[in-house]
Structure formats: structure tokens, C-alpha cells
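S.K.: One structure follows; several queries about it will come next.
Derivation of every value follows stated rules applied to the coordinates shown; laboratory data play no part. In this text, all values refer to a predicted model and were calculated from it rather than measured experimentally. Positions of Cβ are backbone-derived with ideal geometry, glycine not excepted, and every protein chain shown enters the neighbour counts.
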Amino acid sequence: MIRLSDGGAYLVNGSRIVEDSPTAPEEIRSLTGNTVTKEEGARETISYGILERHNTSGNMEKLKIRFDKLTSHDITFVGIIQTARASGLEKFPMPYVLTNCHNSLCAVGGTINEDDHMFGLSCARKYGGVYVPPHQAVIHQYAREMLAGGGRMILGSDSHTRYGALGTMAMGEGGPELVKQLLNQTYDINMPEVVAVYLTGTPRKGVGPQDVALAIIGAVFERGYVNNKVMEFVGPGVQSLSADFRIGIDVMTTETTCLSSVWVTDDTIREFYEIHGRSEEYVELAPGGVAYYDGLVTVDLDQIEPMIAMPFHPSNTYTIEEVRRNPMDIIADVEKRARVSLGGSVEYSLQDKVIDGKFHVDQGIIAGCAGGGFENICAAADILRGASIGAGGFTLSVYPASMPIYMELIKNGCAATILETGAVLKTAFCGPCFGAGDTPANNAFSIRHSTRNFPNREGSKLQSGQISSVALMDARSIAATAANQGVLTPATEFDGSLHSYQYYFDETIYKNRVFDSKGVADPSVEIRLGPNIKDWPEMAELPEHLLLRVVAEIHDPVTTTDELIPSGETSSYRSNPLGLAEFTLSRKVPEYVGLAKDIQLAQKALEEGTCPVEAKPELKPVMESVHTMFPEAGKGNIGFGSVIFAVKPGDGSAREQAASCQKVLGGWANIANEYATKRYRSNLMNWGMLPFLIDRGELPFTNLDYLFIPGIRKAVEEAAPEVTAYVVKQDGLDPFTLRLSEMTEEERQIILKGCLINYNRV
């Protein structure tokens, strides 16, 4: 079904794979008549060509990228624009789209959400942007319809910024990276490796894009096979897939932890642009005659079966048939994983979901940038035609990804078909994806065509004893399950017809509701600031030495950004840095906020010109131990704060709040064995936090220990690859080594200044 190569591979004439081996050069010579080196072949990938055209450094090993367009949603754009404003922003230098698809629900007892929306509208007017009102489109569907272009690059402040199927290399990063683009700075990375995803065959009836995506994620995630690499989709199987099908696979590449993605383009994609009235944006993209890839994922589409990603990660994949055949064995495995993810903080069992040998689910959701596409919903309607979801506990909700899609579903009758079953058809909203809509009941099991199923989303509040389970499935199998009134059912058992519906895009809705400045700024516009929109607090420069207290020690294999800062109800505070920070690690380490604030007292005293030891008397014996080796420390040259340890933090959302909330509570660093994603590590550095690495094995420190890091400012200035730190003991200091790994000159300067705001402050 899916095979991962142990090495690189050559793609000859876009169709023939030659895996790297001692005989590969001769085989290529026999096929082409030419000798091609790996270096030459690497320059023939689609990815290399796009990156080269957007690189401003003149050095393809050290990229400095300027993007063509930017996009953000209403969890992130307030903080981004506030940060850029503090740095002297006068005009958006490129098209910047502000969508409002995450917090469209009313904030009970307040105006928070709509205040943020009005902030966005006023900024679009003042700085020359585009404003998409609530319920009109989810961020990525609007980008597909109105922004994507062949050979273009788009940067978004949402991790699922992926438009590769349309020939656009798109990346999801934390807000500070968009700030840099708004200030005419660059996105700095080493040239990434490129992995070919070679597709063959044609999917069977009932198999959808989520099935293909989950199969790929399940194959690559644990191995880190495409981590921080570009996935380039090629091969004869691409031609068998519709544009919507390709898009559905592509958006889920984020869950592999890859950097970005891009696909070959053809007449199918040309037609997509024509349908959307933007035929001029189509560009034919294909690798050169002989392209070399750093890895190879071979996918036989004929063999893909309906899939399910069980709680609590998109990589926890099985075929639906496996779950039906061996439900208790798989449940036992999920419960075992849950004990690790949940830390035993709540009772968790799925055994009651198996009744008379059949697996019963409580809720179905088809939504957002992954599930809310036109073809997904039409296929679901065909499967649901004439069925009833029943009058029991099972519910089904469908969220079209944009109003143009919604309108076409009404015109072709699919909307009525869905509503007749007892399902609910809602407007474009990302809520079910990040835990702000259709929250399942406690201990309920929800199947969703959305992007994530992490443990701290969808209503789970472990500290309150609440837990819900989300599994990821394709819209087709969700519909088949709904037609079976909640009994888990793969869509391949559907024996009716799946029709081919023609899509007609009508831009009238957008013309009537979306504000588009056409790139013209109006400096006279006054920005609307609601009472919950707060400026960032002042942040100190990196001092000569640091004394840090370990305030969280997390040994889970992976720590998601949702565990670092929960989504859902916390989003109402997204424009209030101090208010949001109160939720930091609240569902993972509830005591974190209190402990971080406690050591922060010393730093605040220092900044106010008073004695840190008087503010925090506990520090007196600690400083006495430090002075046994470093008597000069503490005379205006030391900073105090907190640090967390996690094995592999940062999987998941691009929300920079996972880092900024630690920073405003006095965090100076993270210590990790590795970072799950580039974007989380970048978020740390952009907020002035040190991304330390430590070798795997027994830690030299434990939670609540004090760590002294002498000469850290000099180490950053000189790009030292490692530093000696010390665990402070009653009888002295115990040394250990921390690594900093590679940072760009700009990243070092940002850390030295204390954060990106300070670096750019005017």
C-alpha cells in the first residue's frame, strides 16, 4: 500500500523511478543517454525551482524567502498586526488576507470576538488588506479559491497552510514570521530536503482523500521520514485524482510534520483555476528530465482502504475493517496510549463503545479545510440519500468550507438530501477542528473529517474530569456510519452510485461581503481597539547570566501546542497576552502558571530596581551556591525566570501563543531532546526564548531545580554550539551540557534583544 525508501531516488521523465544505489548512475545513463549527479538532479525538482525564484540571499543553501501573499485567521491576526504596529508598520507590502473562521461564535457575556473582527476590518482598511467576515469561508478554502497561484509561495499563520495541489508552495508558521514579511524581512531556512510522494493507481469507490492522507501519515510520522522536508507529489496516479481529492490529501501533509508540499499540475488544475475565474494563475509544474529526491514514498492508490485515526493523534491509524474485526484489541492499545497522553489524570475507556461486537460512535462531523470541500459533501449526500441518522444519541453536522460551496450544495440539491436525514448543515467555521464547536459529551466518541484529534481539544478538560475522544475519518465513511445510525461502517460497503457533480463557483457572495482594498492603504482610518485587545508587555534583553527554575518536566513522547496552550475556550483571550497566559499548560501541568509567576517575581523586582532576593527570599541560598563558583553573578548582570523540559515539544498548531504565553510569564528557555516542528522552535526564538537541546537519557535535573547558565549572552553572540549549565545544589553546582544548534544571525539578534518586537522596535 505504502512503501518508504531507505535512501534517495531519481525520477526520470516524470514517471520512471530509479532508487539510489551504486548502479543508479548507469541505469539513468541507459535511460537518458546522460550522466546526472545528485546535485544536478536536486535542482530539477519543482520545489527547488519555486524556492530559487523566491530566495533573496543568492545562496541556495541558506535561503532568505520573500513570499507572494500572506493569510491569517482571527486567532492570530490581532497579535501579528499589534506586533508589526509596534515596529512601525505603515502598509501591508503584499496581499494579506484576514479571515474570521475561528471565533465566529459569540463570547458569552462579552464583545471579545466581534471586537477582534472589527479590529481586523479597520486594519485591512488602514494598511491595505483583505477582510473576510465570519461565516464566509474557512481560511484555507478562501486561499484556494482566491489566493493560490502556480509557482507562488504563501505564508499563513495556521499550520495547515497547504495549497500544493494547486501548484503553490505554502507554509504555516507562527505569527512572528508573518510580522517579518510585513516589515520587509525574510523567512530564513536552510535548503530543505525534498521527498517524492510517488502515486500510482486509482482509488476505489468509497475511498476518499482523508483515507489516503491518513495512510501516508501513519507510514511516515513515527519515523520522522518527512520532518521539516518538502513533500513533492508526482507519478501517474496524480492524474486519476480530481482537484478536490488532491487538495484533501495535501492539506493533511501538515500532520506528517513536513515543511511544505507541492504537486505536479495538469489540465485538472487548469480547470480548477478556470472555474474560479483565475485562469491566468495556472502554471504547468513538473520536475525536470531527471530529478533527484532525498527520499521516496510510494503510494499504490488501488490498495488504500477506508482509514481511521484513533485517539489521540492523526498517526494512530488503522483500517476501519481492522477496528471492526478486532475492536477490543485496538481499544486496549488506544487506552494504553491514553494513559501516557493523559497521565492517568482521568478515567478513560472505550469498551462501552462495543455493543454486540459492533463499534458504535456518538457523533459525526464533516468540516473545515479538510472535510468541507464540495466533492466530500456531495459524496456524503449520495451515501446518505434516503437514510436517517436516527433519533438516538448519534448526531451529524456538516460545515461547507465556504459560502460559494454552500450555495452550490443548495442549488444541486445535496443540502436538502443531507438535511432530510436529520443532520445539521452549518456555516463555514473551523470550530470543530480546534475544539470550539460541536463539543462531544463526556466519554463520547466523535468521528471527524477534520485535521486533528489531539487529547486536549474537542471539550476535554482533564483537570475537571472531562474527556472526549476524536477519531479522524473520511467524509464518505462518516456518511456510511451515519446512515448506519452510528455503527462504524466503511464507505466501501455502500452499494449505490456516487455521482459526479459539476461545481460552479459564484464569486457574487464575496463581491458583496468581502472587503478588498486592492492593495490601497488608507492611513486616515482609526484602528478599532476593543477592551480586551492589549499591547504586549515590556520584555527584557537577554542578560549575561541566567538563573532559571524548572517549572514543568514532561516526558510524553510528543507534546503538542494544544497541551502547551489549550485551544477552544482560551481563544477568547487571544488578543490579551496576559489573560491568555493564565491558561498555559493548564491541561497538562496545572501548577505551571503559579510556579512561573513565583520565580518571575525576582525578575520583576530586578526590572523595578529592587532586590530580587528580597522579593523571593528562597533565592538567597541558591545565589550563595552560585557565588561559590561565580562570585560576579548578580550585580546587574543576571536574569531570573522559568524553563520547561519536554521530550519533543511543538507538534501541531502554528499558534505562537504556545511560546509567547511562556515568555510573558517569565520563560527564558525550553529544554528538549528535539523539537517536533521548525515552526515551534522559530516561535521560541522570535519570542526571545532559548531553544536548548539536551541528549536523550536520564536528566541531570528534576522539576523545581534551579539551573544557572553563566555567560549565555556571550555564547549567543559568538554562536557557540553548546553551553555549560549547572544544577544548583545545597553543596555547590553540578555541571551539564546544553546545545543550541544552528541559528541565523537574525535569530541570535532577536534572542539578544529579548524578542522580535524589541528587535524591530521603532
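S.K.: Can you figure out the FRET efficiency of Met60 with Leu419, using R₀ = 51 Å and their beta-carbon distance, to the nearest 0.05? Let's see the in-between values first.
M.R.: Working: r = 53 Å, r/R0 = 1.05.
E(calc), rounded to 0.05, equals 0.45.
S.K.: For the chain, what does -39500 (n - 2.57) per DSSP helix run (n ≥ 4), summed and divided by total residues, give at 222 nm, in deg cm²/dmol to the nearest 500?
M.R.: When only DSSP H runs of four or more count, the value is -8500 deg cm²/dmol.
S.K.: Assuming 0.36 nm per residue, please report the length gained on full extension of the stretch Phe736 to Ile410 beyond their Cα-Cα distance.
M.R.: Working: separation 326, 0.36 × 326 = 117.36 nm, distance 6.45 nm.
Gain on stretching Phe736 to Ile410: 110.9 nm.
S.K.: Given Cβ point charges of +1 (Lys, Arg) and -1 (Asp, Glu) and nothing else, what value in debye, to the nearest 20, does the dipole of the chain about its Cα centre take?
M.R.: That gives a dipole near 1120 debye.
S.K.: Pull out a ≥ b ≥ c, the square roots of the eigenvalues of the alpha-carbon gyration tensor of the range 545-760, then state rounded if a/c is under 1.5, prolate if not and a/b is larger than b/c, and oblate in the remaining case. Please list the in-between numbers first.
M.R.: Working: a/c = 1.42, a/b = 1.30, b/c = 1.10.
Judged from the Cα gyration tensor, the range 545-760 comes out rounded (a/c under 1.5).
S.K.: Out of Phe92, His135, Ser157, whose Cα points farthest toward the positive end of the dipole of the range 34-164 (charges: +1 Lys, Arg; -1 Asp, Glu; placed on Cβ)?
M.R.: Of the options given, the answer is Phe92.
S.K.: Could you give the dipole magnitude of the range 67-188 about its Cα centre, charging the beta-carbon of Lys and Arg +1 and that of Asp and Glu -1, in debye to the nearest 20?
M.R.: Its charge dipole is roughly 300 debye.
S.K.: Using alpha-carbon positions, what is the distance between the centroids of the range 1-50 and the range 492-543, in Å?
M.R.: 40 Å
S.K.: Then there is this: If you take every residue apart from Asn637 with its C-beta less than 10 Å away from the C-beta of Asn637, what net charge results, scoring Lys and Arg +1 and Asp and Glu -1?
M.R.: Once positives and negatives cancel, what remains is 0.
S.K.: If you find the alpha carbon centre of the range 406-423 and of the range 174-222, how far apart are they in angstrom?
M.R.: 32 Å
S.K.: Follow-up question, since we're still on this one. Using modelled backbone amide H atoms (1.01 Å from N, in-plane), which distant-in-sequence or interchain residues come within less than 5 Å of Val424's amide H?
M.R.: Leu396, Ser397, Val398
S.K.: Which far-off residues, 5 or more places away or on another chain, put their amide H under 5 Å from the one on Asn190, with H placed in the peptide plane?
M.R.: Leu63
S.K.: If I take R0 = 41 Å and measure r between the Cβ atoms of Met629 and Ala719 in this structure, what FRET efficiency does the formula 1/(1 + (r/R0)^6) give, to the nearest 0.05?
M.R.: Efficiency at R0 = 41 Å is approximately 0.95.
S.K.: If you average the alpha carbon positions of the range 603-644 and of the range 270-288, how far apart do those two centres end up, in angstrom?
M.R.: Taking the Cα centre of each part, the range 603-644 and the range 270-288 sit 60 Å apart.
S.K.: Give me the lysines in straight-line cross-link reach of Lys426: C-alpha distance below 26 Å, same-chain residues under 8 apart excluded.
M.R.: Cross-link targets: Lys411, Lys461, Lys511.
S.K.: How large is ³J(HN,Hα) for each residue in the range 608-615, as worked out from phi by the Karplus curve 6.51 cos²θ - 1.76 cosθ + 1.60 (θ = phi - 60°), to whole Hz, x for Gly and Pro?
M.R.: Going residue by residue, I get 8, x, 10, 7, x, 5, 5, 5 Hz, with x marking Gly and Pro.
S.K.: Starting with the fewest neighbours, write out Leu182, Leu578, Leu606 ranked by other beta-carbon atoms found within 10 Å of each beta-carbon.
M.R.: In order of increasing Cβ crowding within 10 Å: Leu578, Leu606, Leu182.
S.K.: Can you sort Val589, Val613, Val97, Val520 from fewest to most other Cβ atoms within 10 Å of each residue's own Cβ?
M.R.: Details: Val589 21, Val613 18, Val97 26, Val520 9.
So the ranking, lowest neighbour count to highest, is Val520, Val613, Val589, Val97.
S.K.: Here's another thing I want to ask about it. Spin-label point model (7 Å from Cα, Cβ direction): what's the Leu601 to Glu39 distance in nm?
M.R.: About 6.0 nm separates the two model spin labels.
S.K.: Could you pull out every residue, at least 5 positions away or on a different chain, whose amide H is within less than 5 Å of the one on Ser450? Hs are placed 1.01 Å off N in the peptide plane, and Pro or chain starts have none.
M.R.: Met473
S.K.: What list do you get for Tyr573, Tyr504 if you sort them by fewest beta carbons within 10 Å? Before the final figure, lay out each step's value.
M.R.: Working: Tyr573 20, Tyr504 12.
Going from sparsest to densest Cβ surroundings: Tyr504, Tyr573.
S.K.: Further question on the same structure: Counting pairs of alpha carbon atoms under 8 Å apart in space and at least six apart in sequence, what relative contact order in percent does the range 532-590 give?
M.R.: Relative CO of the range 532-590 lands at 44 percent.
S.K.: Quick one: compute the contact order of the range 358-508, relative version, from alpha carbon pairs under 8 angstrom and 6+ residues apart, as a percent.
M.R.: Computed value for the range 358-508: 32 percent relative contact order.
S.K.: Starting at the first residue of the range 131-136, write each ³J(HN,Hα) from the Karplus equation 6.51 cos²θ - 1.76 cosθ + 1.60 with θ = phi - 60°, in whole Hz, x for Gly and Pro.
M.R.: 10, 9, x, x, 6, 7
S.K.: Can you work out the Karplus-derived ³J(HN,Hα) for every residue in the range 536-548? Use 6.51 cos²θ - 1.76 cosθ + 1.60 with θ = phi - 60°, whole Hz, and x for glycine or proline.
M.R.: 6, x, 5, 10, 7, 5, 5, x, 5, 10, 10, 10, 10
S.K.: Report the residues of the range 127-171 in range of a label on Gln239: point 7 Å along Cα→C-beta, backbone N strictly under 11 Å from it.
M.R.: Counting backbone N atoms under 11 Å from the label point, the list is empty.
S.K.: Expressed as a rounded percentage, what relative contact order does the chain have, with Cα pairs under 8 Å and six or more residues apart? Display every interim value, and only then the final one.
M.R.: Numbers: 1835 pairs, mean separation 109.3, N = 762.
Relative contact order of the chain: 14 percent.
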